[in-house]
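Participant: Pasting in a structure now, in structure tokens, and then I'll have a few things to ask.
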Amino acid sequence: PESAARREFRGLQYFPYQARWRLPARFIRYQPARELPLLDVTGAITPETSTGAVVFTWEGREHRLETVEDKETHDLFVIFSDLTAGKTTYGAGRFLHAPHPDGDDRTVLDFNFAYNPPCAFTAYATCPRPPRENRLQIAIEAGEKRYAGGH
């Protein structure tokens, strides 16, 4: 409780909630599931299982993100980066959860709830980096911003 990191914690900052960043998405199911190798900040590769990808449209262009199933929450988990990375958001990327798709393979990506991985706050966390496929060439100005006291 008396650690410097806790005493000096500056709080979290977020972009204002904007409904335009709550986007319908189509789930593309992989049959069979695919291996998605995730590189972490230490350089280690962890193979994860991807059951599919989500496709969404932003400003008339389709974008695709690979997903893995979160073993704790049992929803879709996305590790992504975008053009705000290293500027207004954490440089190594952010995390996002999405509900499992419905019977018509539809889900919602609400980027307002994108958040920083633990490694944004400490050098002692090992976080996965976004796979190459999840490095978006758009600026998602939604969700959690870069931590001011961050690592």
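The values are calculated or read from the model by the stated rules, or taken from the named source; none is laboratory data. Predicted model only: the values in this text are computed from it and were never measured. For neighbour counting, all protein chains shown are included, and Cβ atoms are generated from backbone atoms with ideal geometry for every residue, glycine included. In case anyone asks, the SASA skips ligands and DNA or RNA and just uses the protein heavy atoms, side chains included. Shrake-Rupley method; radii C 1.70, N 1.55, O 1.52, S 1.80 Å.
Participant: Ordered by residue, what ³J(HN,Hα) values in Hz, to whole numbers, does the range 125-136 give under the Karplus form 6.51 cos²θ - 1.76 cosθ + 1.60, where θ = phi - 60° and Gly and Pro are x?
Facilitator: For the range 125-136, the Karplus curve yields 9, 10, 10, x, 8, x, x, 3, 5, 9, 9, 6 Hz.
Participant: In the range 30-71, which trypsin sites (Lys or Arg not before Pro) are in a loop and have at most 16 other Cβ atoms within 10 Å, using DSSP for the loop call?
Facilitator: Counting only loop positions with at most 16 other Cβ atoms within 10 Å, the trypsin sites (Lys or Arg not before Pro) in the range 30-71 are LYS71.
Participant: Something else about it: Which far-off residues, 5 or more places away or on another chain, put their amide H under 5 Å from the one on THR89, with H placed in the peptide plane?
Facilitator: Long-range HN contacts for THR89: ARG146.
Participant: Over the range 1-144, with every protein chain in place, what whole percent of the accessible area is carbon and sulfur at 1.4 Å, could you tell me?
Facilitator: Ligands and nucleic acids excluded, carbon and sulfur give 52 percent.
Participant: Using modelled amide H (1.01 Å from N, peptide plane; none on Pro or chain starts), what sits under 5 Å from the amide H of ILE140, excluding residues fewer than 5 places away?
Facilitator: LEU83, THR84
Participant: Can I ask one more? On a C-alpha basis, how far is the centre of the range 13-69 from the centre of the range 108-124 in Å? Whole number, if you could?
Facilitator: A separation of 14 Å, based on Cα centres.
Participant: Residue-wise, which Karplus ³J(HN,Hα) couplings in Hz belong to the range 66-71, taking 6.51 cos²θ - 1.76 cosθ + 1.60, θ = phi - 60°, and x for glycine or proline?
Facilitator: So the Karplus estimates, Gly and Pro as x, are 6, 10, 10, 8, 6, 5 Hz.
Participant: Run lengths n ≥ 4 of DSSP H only: what is the helix-derived mean residue ellipticity at 222 nm for the chain, with -39500 (n - 2.57) per run over all residues, to the nearest 500?
Facilitator: -500 deg cm²/dmol
Participant: Within 10 Å, at most 14 other Cβ atoms, and a DSSP state outside H, G, I, E, B define an exposed site. Report the longest part of the chain free of exposed GluC sites (Glu not before Pro).
Facilitator: The segment 73-151 is the longest one with no such site.
Participant: Mean separation of Cα pairs under 8 Å and 6+ residues apart, divided by the residue count of the chain: what relative contact order is that in percent?
Facilitator: 29 percent
Participant: Okay, next question. Show me the chymotrypsin sites (Phe, Trp or Tyr not before Pro) within the range 45-151 that DSSP assigns to loop and that have at most 12 other Cβ atoms within 10 Å of their Cβ.
Facilitator: Qualifying residues, ordered by number: TYR124.
Participant: Continuing with this model, one more query. Along each of the three principal axes of the Cα atoms of the range 1-107, give the extent in whole Å, ordering the values from largest to smallest.
Facilitator: In descending order, the Cα extents are 50, 34, 24 Å.
Participant: So, R0 is 35 Å and r is the distance between the beta-carbons of TYR30 and GLU2; what FRET efficiency does that work out to, to 0.05?
Facilitator: About 0.15, to the nearest 0.05.
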